[in-house]
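These notes are about the structure you will find just below.
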Amino acid sequence: MKKLIVFVLMGCLGNLAWAGEQKKDVTERLQMATEVLSQMTAEPDKGIPEEVLGSAKCIAVVPHLIKGGFIFGGKHGRGVATCRTAEGWSAPAFISIGGGSAGPQIGLEGVDLIMLIMNDRGMQQLLSSKFQISGEGSAAAGPVGRHASAGTDWKMDTEMLTYSRAKGVFAGLTLEGAVVEQDSDSTTSVYGHDASFKSVLQGGVSTPDIAREFIRTVREAAHKAKAEEVREGEHK
């Protein structure tokens, strides 16, 4: 009986330790995502155009995505996503991204990644809790600069625009074949249960304290971009 009690107590302590480590990891990820978003939207002349950011329906940030490999290329990382709702921006949904390109590569590289969901079709994919980025029309490298070129079709077709930064420099990144899905462990550690993408991203849960700074940064970046777009339109 004593052995059983000790075993149960050890199991409980182990679960508490795991939960504590998971919460710490999520908190650090939110902090890194906040920094990445702040930095990558603070460079208007060579960063994300105001029109694009101001029109995004959802924003996902994956800090320090690892890409590359010894024989075959690939990517893996974890991040956070939020979508516009009638009340503002939703609480964060926690995502993982894996898989991707095949081809000979050597070495690993940490890349900061921002994914902007631009239309309802892309948003519905994100709400499904798991989808594969399948190529043309699904994802494309976003236009860079203070303004998006009038010749681009980002408003028309592309579900997702991607922006990546390696060693402080904006760079292209192919995501075709990568799978984006819910990070269930992180979701459970923050919300107490494995809440679906749909319930989180449609405003069904409240933003936890550890995520308030991230959501505030998203809100301010999107609001600033929209305000700049309006001002530019008034001067034309």
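The values are calculated or read from the model by the stated rules, or taken from the named source; none is laboratory data. Bear in mind the structure is a predicted one, so any value in this text is a computation, not a measurement. Note that each Cβ is placed from the backbone with ideal geometry, even for glycine, and that neighbours are counted across all protein chains shown.
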Taking first residues from segment 216-228 that are farther than 16 Å from ILE117 by Cα and second residues anywhere that are at pLDDT 85 or above and among the aliphatic types (A, V, I, L, M), the pairs with Cβ under 8 Å that are 6 or more apart or on different chains are THR217/LEU37
For the condition at pLDDT below 85, surrounded by 23 or more Cβ atoms within 10 Å (Cβ to Cβ) and either within 16 Å of VAL179 (Cα to Cα) or under 13 Å from the mean Cα position of the chain (by Cα) (or both), what is the one hit in ALA139, ALA93, ALA81, ALA60?
ALA139
Evaluate the following for VAL205: is it modelled with pLDDT of 90 or more, part of a loop (DSSP other than H, G, I, E, B) and surrounded by 13 or more Cβ atoms within 10 Å (Cβ to Cβ)?
yes
For residues in segment 1-57 being modelled with pLDDT under 80 and basic (Lys, Arg), which is nearest to ARG84 (Cα to Cα)?
LYS46
